[in-house]
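Below: one structure, written as structure tokens.
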Amino acid sequence: MKVLLLALALLNPVESLDQAVADAVQRARRPDWEPAMHWASAAGRPLVVAAGLAGVLAVDLVGGAGWGTLRVAVAALAGTNLVVEGLKRAVDRTRPDGERKRSNSSFPSSHAANAFALAWVLSARWRRAAPLWVALALVVAFSRIYLNRHYLSDVVAGALIGLVCAWAASHWLEPRRARAVAGTGGPAG
């Protein structure tokens with residue numbers, strides 16, 4: 001019981017900050033921003049992500065690294081979505097717009113998680129474009145707050161989950177790929 005009370009006491013400042021940010025963002029909404037925010041939010045949908053990965057693969061196959069990049073991206077996204085969906089069902093947080101559905105709860109943001117997982121993978125592949133990938137992930141994450149679908153803590157947690165899962169996928173798969181290229185075993189990437 002003491003642990004539960006401590007946890008609730010620690011969450012109160014987070015919830016206060018979440019509500020303050022949500023209120024400020026909702027007051028700042030402007031009609032001319034709506035299309036861009038809806039577009040950014042739509043960029044996090046699974047079909048759009050799959051199409052983007054197919055495009056990356058098509059462009060990157062010329063250099064030979066496409067399959068390795070795709071494999072890391074798929075592993076990162078699979079891990080990210082397993083963690084996010086498990087947490088959504090466990091936490092069951094009502095969305096800022098009032099929607100309450102356990103399978104689609106507010107915490108954590110899957111859009112932010114997927115955007116940051118992909119930003120990590122694409123930044124590792126194309127280091128010079130890293131600021132662009134991170135900027136796009138930030139816009140996707142912000143769009144979820146702007147559209148009143150997530151709180152700040154939802155997108156921060158989602159972003160951290162995506163980054164950790166992408167880091168883990170890249171560190172798990174890259175050594176295997178290096179061994180395969182060097183001829184010490186394992187399938188080639």
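Please treat every number below as a calculation from the coordinates, not as lab data. On a predicted model such as this, the values are computed, not experimentally measured, just so you know. Because the Cβ atoms are built from the backbone with ideal geometry, glycine has one as well, and the counts that use them run over all protein chains shown.
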Quiz item: Which order, highest average first, do 30-36, 111-117, 79-85 follow once you tally other Cβ atoms within 10 Å for each residue and take the mean per peptide?
Solution: 111-117, 79-85, 30-36
Practice problem: Post the alpha-carbon centroid distance, region 14-29 to region 77-95, in whole angstrom. | Solution: 22
Exercise. Treat each spin label as a single point 7 Å out from the Cα along the C-beta direction, and report the GLU85 to ALA168 distance in nm.
Key: 1.6
Quiz item: Can you sort ASP18, ASP154 so the residue with the fewest Cβ neighbours within 10 Å comes first?
Solution: ASP18, ASP154
Exercise. Report the extension gain between ASP92 and ALA36 in nm, rounded to one decimal, defined as 0.36 nm multiplied by the number of residues separating them, less their alpha carbon distance.
Key: 17.3 nm
Exercise. Assign unit charges at the C-beta atoms only (+1 for Lys and Arg, -1 for Asp and Glu), then state the dipole size of region 14-108 relative to its Cα centre in Debye, rounded to the nearest 20.
Key: 240
Exercise. Bin all alpha-carbon pair distances of region 13-156 at 10 Å intervals from 0 and give each bin's fraction as a whole percent.
Key: 12, 39, 32, 15, 3, 0
Quiz item: Suppose R0 equals 25 Å; then what is the FRET efficiency for GLN19 and LEU47 from their Cβ-Cβ distance, rounded to the nearest 0.05?
Solution: 0.15
